[in-house]
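In what follows, a single structure is set out as structure tokens and then discussed.
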Amino acid sequence: MPDVTSLLAERLQAAFDSVAPGADPVLRPSDRADFQANGALPLAKQLGRPPREVAEAVVAALDVDGVCERVDVSGPGFVNLVLDTAFIGAQVVAMAGDERLGVASAERPATVVVDYSSPNVAKEMHVGHLRSTVIGDALVRILLHLGHRVVRENHVGEWGTPFGMLIEHLVDVGEDTAGRELSVGDLSVFYQEARRSFDADEGFRERSRRRVVMLQSEDAETLRLWRVLVDQSIAYFDEVYGKLGVLLTDDDIRGESFYNPMLGGVVADLNDLGLLVEDDGARCVFPPGFTNRDGEPLPVIVQKSDEGYGYAATDLACIRDRVDRVGADRMLYVVGTPQAQHFEMVFAVARMAKWLPEGVSAEHVAFGHVLGQDHKMLRTRSGASVKLVDLLDEAVARAESTMADRDAPVPPEERPAVARALGIGAVKYADLSTDRVKDYVFDWDRMLAFEGDTGPYLQYAHARIRSIFRRAEAERATGAADHVDVAMDIATSEFPDPGIAIGEPEERALGMALLGYATAVAAAADASAPSKLCAYLHGLAATFTTFYERCPVLRASDAATRRSRLELARTTARVLAEGLHLLGIEAPEHM
Ligand code: ARG
């Protein structure tokens, strides 16, 4: 089933081609009509003809029989397209009959590596890692749904010089105490204490330095201690992932240590390629185009003067691994905006070395900060950084009390699961719905509200439609309804001849909104922007609300209208549930 946008794009392209081969129709959704094609204006300029005349020529050549009800030229030369109502109905019928709801599977599936979450061992997993986890997971789900091969990689930071200090601190406090602190997420305490000893105590510093060397040379006892740190932290990360309900598993962990054996090769190969420059004892690459404030070229430091390798060297080895071993066509790095320059420079070096071949893309999927109500970095009242498990538990607790306040009609045995879906969904949606590169303010009341652009609003819209069907089913069971159509199950698409009949403007608007689904999913994938899917789903839910206020469904005046409206409602519920699912948000039956 081709979606409406592609169908129109194709027909318009043919018409534009007949005027001037290859001209771009510039097809856009429109306020004036359903769609508009603005391409006549630039084309007229290029041809040196009056724009309206070019637009008229396009319209004359355009074949949209049975698709559009009206096509006209307006203003300086816009082509306005109004879809045929029967066509909208037929398209919705086709969508409803498709288990993929009209979302096509990629013709050429790509291998996409998604680098996300990536917290650091023995260091607080902060809200930035929460954002990465939530955004990355939504992208993974969307790309998988589009038929791509997706490889999740959790680039956990568990290697490098800080581990000398962390292991020595572990030795000092004892493994039991350390384990207790780390596995419950008191990571910052552990890290800060280690730091304090390091800053205050020359002996500790010396031990730490020796420990780094032992770690690098894979001393057995040192590796065992290191493993304790790593395992305890991962147990904590897993707890957070479990609460969040993300796809990440321990099999997706591809930490920095994995690349350690490859770092020597990175240096040697860069050297052979003639790209390495000695700078103050450090071995660097200077990718062209990167300078500091004073206009001096900026280095990517591959190996420090003390022979140690840094974050950039690991990322270079990582790119080679993703291209060579994983076979990536596309790599997404879901990491905060402060690392923008790091990635630009590392990608530039990888291109120079041809480790990143032409056909492979590397994209930094950047995101902004999470701010508190005071518009500063999110902190607890005492000023400590926010512990993620506490934050997620609070979300669920708050959702429970919201449900109690609203007297939510949820069966008692389902209440805990619904509260979880609501609370976690609210946190995720608040994160996903803002343009990711922007900072956003973490506001409990707003994100848990049942009104506005929130997770609960979408979940509620879905649950409300399900309740219409439960009522319909009850009416049928008691013989109160004389139509068989209510027997259909909302979750299946086996519904003989649903026959959408669009009469009211609100029905038309809902039909049009439904038909935008495939385009919204594709747009979210192309721009790595879950917010585009959020905005679409919110628009759909709002359109449904208006429809439901104006158009009685179960009390429709005749059987055909009732059947048609039920089908519109059913398809809306399916899109909402699937769309939320693609965002990693649950859609409960009752709310
Ligand atoms: N561990 C890093 C941090 O917390 C993020 C790693 C992102 N991924 C990467 N390939 N560099 O800042």
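Tell me which residues, restricted to segment 3-36, are without any contact (Cβ under 8 Å) to a residue 24 or more places away in the chain, surrounded by fewer than 20 Cβ atoms within 10 Å (Cβ to Cβ) and part of a loop (DSSP other than H, G, I, E, B).
PRO21, GLY22, ASP24, VAL26, ASP31
So, VAL112, is that one under 30 Å from ILE319 (Cβ atoms), in contact (Cβ under 8 Å) with a residue 60 or more places away in the chain and in contact with a helix residue (DSSP H, G or I) (Cβ under 7 Å, 6 or more places away or on another chain) or not?
yes
What pairs come out if I take residues in segment 334-349 that are under 13 Å from VAL285 (Cβ atoms) and assigned to a helix (DSSP H, G or I) and pair them with residues that are near the ligand (Cβ under 8 Å from one of its atoms) and modelled with pLDDT of 95 or more whose C-beta lies under 7 Å away, six or more apart or interchain?
Here the result reads VAL346/ASP315, each pair linking segment 334-349 to a residue that is near the ligand (Cβ under 8 Å from one of its atoms) and modelled with pLDDT of 95 or more.
One residue is enough: does segment 370-377 have a residue meeting the conditions under 30 Å from GLY265 (Cα atoms), assigned to a loop (DSSP other than H, G, I, E, B) and touching a Lys or Arg at 6+ places or on another chain (Cβ under 9 Å)?
Checked segment 370-377: no residue is under 30 Å from GLY265 (Cα atoms), assigned to a loop (DSSP other than H, G, I, E, B) and touching a Lys or Arg at 6+ places or on another chain (Cβ under 9 Å).
Return the residues of segment 239-255 that are closer than 11 Å to SER117 by Cβ and assigned to a helix (DSSP H, G or I); say none if nothing qualifies.
Once the filter is applied, which keeps residues that are closer than 11 Å to SER117 by Cβ and assigned to a helix (DSSP H, G or I), segment 239-255 yields VAL240, TYR241, LEU244, ASP252.
Which of the residues spanning segment 326-372 are of a type in the set (Lys, Arg) and within 15 Å of the ligand (Cβ to nearest atom)?
Selection gives ARG330 alone.
Give me the residue from segment 529-588 that is in a helix (DSSP H, G or I), under 19 Å from GLY503 (Cα atoms) and of a type in the set (Asp, Glu) and, out of that set, modelled with the lowest pLDDT.
Once the filter is applied, the top-ranked residue is GLU567.
Just to verify a result, which residue in segment 102-133, among those that are within 15 Å of the ligand (Cβ to nearest atom) and of a type in the set (Asp, Glu), is farthest from THR434 (Cα to Cα)?
GLU124
In the set VAL92, VAL184, which member is farther than 24 Å from ASP252 by Cα and more than 16 Å from the ligand (Cβ to nearest atom)?
That would be VAL92, the only listed residue that is farther than 24 Å from ASP252 by Cα and more than 16 Å from the ligand (Cβ to nearest atom).
Within segment 303-325, which residues are more than 15 Å from the ligand (Cβ to nearest atom) and in contact with a strand residue (DSSP E or B) (Cβ under 6 Å, 6 or more places away or on another chain)?
Listed by number, the residues that qualify are GLN303, LYS304, SER305.
Please state which of the following conditions ALA399 fails to meet, knowing it meets all the rest: (1) touching a residue at least 24 places away in the same chain (Cβ under 8 Å); (2) more than 16 Å from the ligand (Cβ to nearest atom); (3) assigned to a loop (DSSP other than H, G, I, E, B).
(3)
What is the residue count in segment 31-67 for residues that are touching a Phe, Trp or Tyr at 6+ places or on another chain (Cβ under 8 Å) and under 17 Å from SER6 (Cβ atoms)?
5
Provide a single number: the residues in segment 56-77 that are closer than 21 Å to MET512 by Cα and outside any loop (DSSP other than H, G, I, E, B).
Going through segment 56-77 one residue at a time, the tally reaches 5.
The values are calculated or read from the model by the stated rules, or taken from the named source; none is laboratory data. Worth saying up front: this structure is predicted, and the values here are computed from it rather than measured. Every residue, glycine as well, gets a Cβ built from its backbone with ideal geometry; the counts of neighbours run over all protein chains shown.
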